[in-house]
Amino acid sequence: MSNQPVLELKNLTMQFGGVKALNQVNLQVNRGEICALIGPNGAGKTTVFNVVTGVYVPTQGEILFNGKSLKGKNRHNITKMGIARTFQNVRLFGEMTSLENVLTATDVHSKSGLIGSMFTTPRSRREERAGREKAYEILEFIGIDHRADQLAKNLPYGDQRRLEIARAMGTSPEIILLDEPAAGFNPSEKKALAELIVKIRDRGYTVLLIEHDMSLIMGISDRVAVLDFGEKIADDLPSVVQNNPKVIEAYLGVPADAS
Amino acid sequence: MSINLRDSGATLWANANKWQRYLIAGAVILAVFALPLLEGTFLNTPSTPFEMVLFYPIGVYVLMALGLNVVVGKSGLLDLGYVAFYAVGAYTAGILSMHTKLNTWEILPIGIALAMLSGLVLGAAVLRLRGDYLAIVTLGFGEIIRITALNTSAVGGANGITNIPNPPTTFGLKFDLDHPRSFYWIVLILIILTILVIRGLSVRRPGRAWESIRQDEDVAELMGVNTYKYKLWAFIFGASVGGAAGVLFASKAMFIAPNIFSYNVSILILAFVVFGGMGNIWGVVVGAVLLSYIPEKIRFISDARMLIFGLVLIIMMNLRPDGLLPRKKREKIGVAGEKSK
Amino acid sequence: MDFSVLTDQFASLTFDGIALGFIYVLIALGYTMVYGVLRLINFANSEVFMLGSFATILVSTKIFNYTIESDPITGFKLVYTLLAMLLGSMIVSGLVSVLIEIVAYRRLRSRTSNRLTSLISAIGVSIVLTEGVRIATSSAPMGSPRLLDKITLVTIWGADIRLDTLLVIVFAIILLITLDLFVNKSRLGKGIRAVSMDYDTSRLMGINLNKVISTTFLIGGLGTGAAAFFYITVYEMTRFSIGFELGLAAFTAAVLGGIGNIRGAFAGGIALGLIEMYASAVLGTQWRSITAFVILILVLLFKPNGIFGESLQQARV
Ligand SMILES: Nc1ncnc2c1ncn2[C@@H]1O[C@H](COP(=O)(O)OP(=O)(O)OP(=O)(O)O)[C@@H](O)[C@H]1O
Ligand SMILES: [Mg+2]
C-alpha cells in the first residue's frame, strides 16, 4: 500500500459555543486504505465528517484533499472533487426510488444542465443513459438492485443503510466517509457489511469509517484513529490501538490498570 | 376514488406501446382543442361565454399553475409573489404596444425574457433564505411590483394601460372579441408545450435536483447538487411561464391595471397547485381547471371565491396535504425494463 | 424628493414614528414569540390584528352605542370606555390567536414535520379571515368614533405631543414591561423560554408543549389586540385589508430586531416606525407600504439574524 495521503486534517479545531467538538486534530488517510475512526459517544467523529464535507467551517486548521486545501469550497464542490459520505441517521430522499437516489448523486459529473435536458441534446441523452447504467451497476454491486424501483422510504432498514452507501458511491468519490453504516445491524448483517466495505476498498475507493463495533473495526481496518473529547488519543494499527491503555481508559472511563 | 382513477390512467399509459401512446395522447389533445364546441351545453357559464372562460380564467390559470408548480410543488420553494411575473409579462405587452409597433407574437419572447430576468434577480437575492422567509420576501416582491406600477405615471398609474392591441390574424385565425377560441387555442398550445418540457425535465437531472432539494436540501447539497443553481432555475422557469401568461392575458383583455395583479392572484394559483396535488402535473391541471371553472359556473360563489380558496388551503393541508391527485405514492411502473436491459 | 420636510418636521415625525413603532412592537410579539417556540412564521397574525381593530370599534359602537358623530367624552366615562375597548380587542385577538393555533397548526404539528404544509395552512386561515370580513363589511372601511379628544399637550421643537399618541407610548411601555416580567419570572414564561431554546429537549423534560404553545399564541394575540386598539385610537379607521398592510410591517420589525427575540422586536419596531415616517415624508405616503418590504429584503439579505437575532439557518446533519 502506498503512503500517499488522500485526506489530511491539520490541527483541526471545531468549536460550538463553549464546546470544542474537535481540538487540534491531525489525521491522515492514505490512498486505498480502510481507516477507522472510533471513540466514545460525543467524541467528535461525526463532526470530523461534517467539517470535511463543508457542513461546518472549522474554527481553526486546515483540510487537504489530494494536497489541495478545501478552504472556502462549497459543499457540492467538495463532493464533486471526490469526497462522499453517508449519514449516521439515514437521510435518503424517501420519495424517490432507490435508482433515483443514486442517479441524483451520479448527476454530479454530468455536464448537461437544465438547458441541455430541456432540448434533449444528444449529450444529455447520452449522459442520462450512462448515469442510469452506472447507478444500476452500483446498486448491483451493493446488492440491492432488486430494490431499484422501490421508493427509498419503503425499503427495509438494512437496505436503506446500503442505499446510503450506494448513493455516496454514485458521486464517484475517491474517498468515501461512512458514518456508522452497521448501526442497528445484527451480527450476520454486520459480517456481510464488513465484506462489502472491503469490496468497496478493493474497487479502488479509500474508506474512512466511523463504527462502534470493535470486532468489525479490528477485522477490516488498516488503521484505527481514536477520538476522545475532540482530541485524537491514538492512531495506529488495529492490534496496537486495541492494547493502548489510553484508549481502554477512554472507553471504560477508568484507567486501564484499575480495571 | 381519485387515486384509482389516477392509477388506472397510469397503468393504461404504462402498458400501452409507443403507437398506442401517440394515439391516446392525440385523441385527448384533439378533444381538448374541441372544447369550445361545447358552448351552449350544460358546461355553459352564466355571465361570461364559455369560450371566453376557457381562455381566461381557465387556460391562463392552468398555465400559471403549471409554472408555479415547478417552484412550489417540485422544488418546495414557497413563492407567494408569483403574480409579479404575470405582471411583468402583462406590463411588457402594455408598454411595448404603447411605444412600438411590435405585435403580440413579437412581444411574447420579450415578455418571457423580462419575466425570466426578474426571476433571476429576485431568485439570486432571496434563494439563500429558507422556507418561510422565502415566502414573505417573495410576497413583498409581488407587492413592490404592484405598488411601483400603481405609482408610476408612465405606465398609467392606477388607471393602467388601455388599448393594448389584440394579436394579428395568424394562419387565418382572427384574434378579437368575437373570436375567443383563437386565444384559447394559443394558450392551450403553450400549456401543452409547458407540460412536455416539465415532463422531460422531471425525469432528467433538473427534475431529480428539484426533487432532492424539496425533500432534503442539506443532503442534496452534500450529494453534489448545486442547490442554489437549481433553485434559481426553478424560479426562472416558473417566471417564464408566468410572463407568457401575462403577455397573452394583456393581448386578450386589451387593458391592464395594477389591481389585477394583487397578492390574491398569487394565492389563487397556490390554491390550484395545492388542491390538485403539489408536484403532480395532472393534479395541478385538474385542480386549476376545477377551481377556476366552478366560480364561473356557480355565480354566487364568485364573490366568495377567495374565501373558498382559503378554505381549500386549510382543508387540503389538514386532511389531504398531497392534494387531489398526489405525486407518485407508489413505485413507478415500467421503468425497470428500460434500464435493466 | 424633498429632504427639507425631514428637517422641518423632524421632531413631529420622530414622535409619530415612535408611536407607530410601539404599535409595530406589539404586533411583532405575535410573530416573534410564536417563531420562538415553533420556528414558524405565524402568518395569520396579521388577521388577528385586523379582527382586533374591528373589535375595538364595535365595542364602542355596539356596546356603548357611540356613533361616528359622537362628541369626545371625558373623565371616568372616558377611562372605562377606553379600557373596555382595549380589553375587548385583546380578548378577541387573544382568543382568535389561540383558535388559529388549534385550527392551522396543532393537527399538522403532531402529524408532519413538513413546514410547507403548516405555512400554507396558516396562509389559508389568513385568507379566510380577511375574506370573511371583506364580505361581511362589503369591503367598506369602518370609522371609529373619536371618544378621546386629540388635544395637544405640549409642543416640543415644533412637534405637537398629542394625548392619543402619548397614551399609546405609555400604555405600550407598561404592557411590554409586564410581558417581559412574565416571560422571565413566571413558570409558564420560563416554559416558553425553555421551548424556544430547545424544543425537543423540553418535550422530553415533560413540559406540556400544547399548553406552552397555546399560551404563546395567547400572549401574541393579546399584544396584537392591544396594538389594534392603539392603532384605532390614533388612526380611527380600519378595513378588512388592514392586517395585510400592518402585519407585514410588523413582521419586518420582528425580523429587523432578530426574530424569536422579544427585546429585538422592541428595537425593530421602533426602528421601523421611525424609518417609515421619515421615508414617507421624503418620498410621499404612497410609497410607505413599500418601505417595509424593501427593508425586510435588505435585512434578510445582509443581516439575516437581525440586530439581536439568533442564527436563522443552522444546518444540522
Ligand atoms: N451543530 C452543533 N452545535 C453544537 N454542538 C454540536 C453540534 N454538532 C455537534 N456538537 C457537539 O459536538 C460534540 C461531538 O459531536 P459528534 O456528533 O461529532 O459526536 P460523535 O463522535 O459522532 O458521537 P456519536 O458516537 O454519538 O455519533 C458533541 O458534544 C455534540 O453535542
Ligand atoms: Mg456521530
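Failed condition for residue C:160, given (1) among the acidic types (Asp, Glu); (2) assigned to a strand (DSSP E or B); (3) within 11 Å of chain B (Cβ to nearest Cβ), with all others met? So the condition that residue C:160 fails would be (3). Taking residue A:86, is it modelled with pLDDT of 95 or more, within 16 Å of ligand 1 (Cβ to nearest atom), in contact with a helix residue (DSSP H, G or I) (Cβ under 6 Å, 6 or more places away or on another chain) and not charged (D, E, K, R)? So residue A:86 fits the description; yes. In the set (1) buried (at least 20 other Cβ atoms within 10 Å of the Cβ); (2) more than 10 Å from chain C (Cβ to nearest Cβ); (3) touching a residue at least 24 places away in the same chain (Cβ under 8 Å), residue B:208 fails one condition alone, (3).
Just one of the listed residues (C:127, C:135, C:100, C:123) is crowded, with 22+ Cβ neighbours inside 10 Å, modelled with pLDDT of 90 or more, assigned to a helix (DSSP H, G or I) and within 7 Å of chain B (Cβ to nearest Cβ), and it is C:127.
When the residues of the stretch A:142-184 are filtered to those that are surrounded by 19 or more Cβ atoms within 10 Å (Cβ to Cβ), of a type in the set (Gly, Ala, Ser) and assigned to a helix (DSSP H, G or I), which remaining residue is nearest to ligand 2 (Cβ to nearest atom)? Applying the filter and picking the extreme gives A:168. On the stretch given as the stretch A:164-187, residues that are within 12 Å of another protein chain (Cβ to nearest Cβ), within 17 Å of residue A:107 (Cα to Cα) and either touching a Ser or Thr at 6+ places or on another chain (Cβ under 7 Å) or within 16 Å of ligand 1 (Cβ to nearest atom) (or both) total 4. Hey, any hits in the stretch A:45-56 for a residue that's of a type in the set (Ser, Thr, Tyr), within 15 Å of ligand 2 (Cβ to nearest atom) and modelled with pLDDT under 95? Yes, some residue in the stretch A:45-56 is of a type in the set (Ser, Thr, Tyr), within 15 Å of ligand 2 (Cβ to nearest atom) and modelled with pLDDT under 95.
Please go through the stretch A:89-131 and pick out each residue that is surrounded by fewer than 17 Cβ atoms within 10 Å (Cβ to Cβ), part of a loop (DSSP other than H, G, I, E, B) and more than 7 Å from chain B (Cβ to nearest Cβ). Within the stretch A:89-131, A:89, A:111, A:119, A:121 meet the criteria. Residue C:43 meets all of the listed conditions (1) over 14 Å from residue C:265 (Cα atoms); (2) in contact with a Gly (Cβ under 7 Å, 6 or more places away or on another chain); (3) within 14 Å of chain B (Cβ to nearest Cβ) but one, namely (2).
On the basis of being out of contact with any Cys (no Cβ under 7 Å at 6 or more places or on another chain), under 18 Å from residue A:32 (Cβ atoms) and buried (at least 16 other Cβ atoms within 10 Å of the Cβ), does residue A:200 make the cut? Criteria met by residue A:200. Only a single item in (1) more than 19 Å from residue B:246 (Cα to Cα); (2) in contact with a helix residue (DSSP H, G or I) (Cβ under 8 Å, 6 or more places away or on another chain) is not met by residue B:96, and it is number (1).
Only one entry of C:69, C:101 meets the criterion of being of a type in the set (Asp, Glu), over 25 Å from residue C:128 (Cα atoms) and out of contact with any strand residue (DSSP E or B) (no Cβ under 8 Å at 6 or more places or on another chain), and that entry is C:69.
Among residues belonging to the stretch A:47-83 that are within 16 Å of ligand 1 (Cβ to nearest atom) and small (Gly, Ala, Ser), point out the one that is farthest from residue A:27 (Cα to Cα). Filtering the stretch A:47-83 for residues that are within 16 Å of ligand 1 (Cβ to nearest atom) and small (Gly, Ala, Ser), the one farthest from residue A:27 (Cα to Cα) comes out as A:54.
The values are calculated or read from the model by the stated rules, or taken from the named source; none is laboratory data. The model shown is predicted, which means the values in this text are computed figures rather than measured ones. Note that each Cβ is placed from the backbone with ideal geometry, even for glycine, and that neighbours are counted across all protein chains shown.
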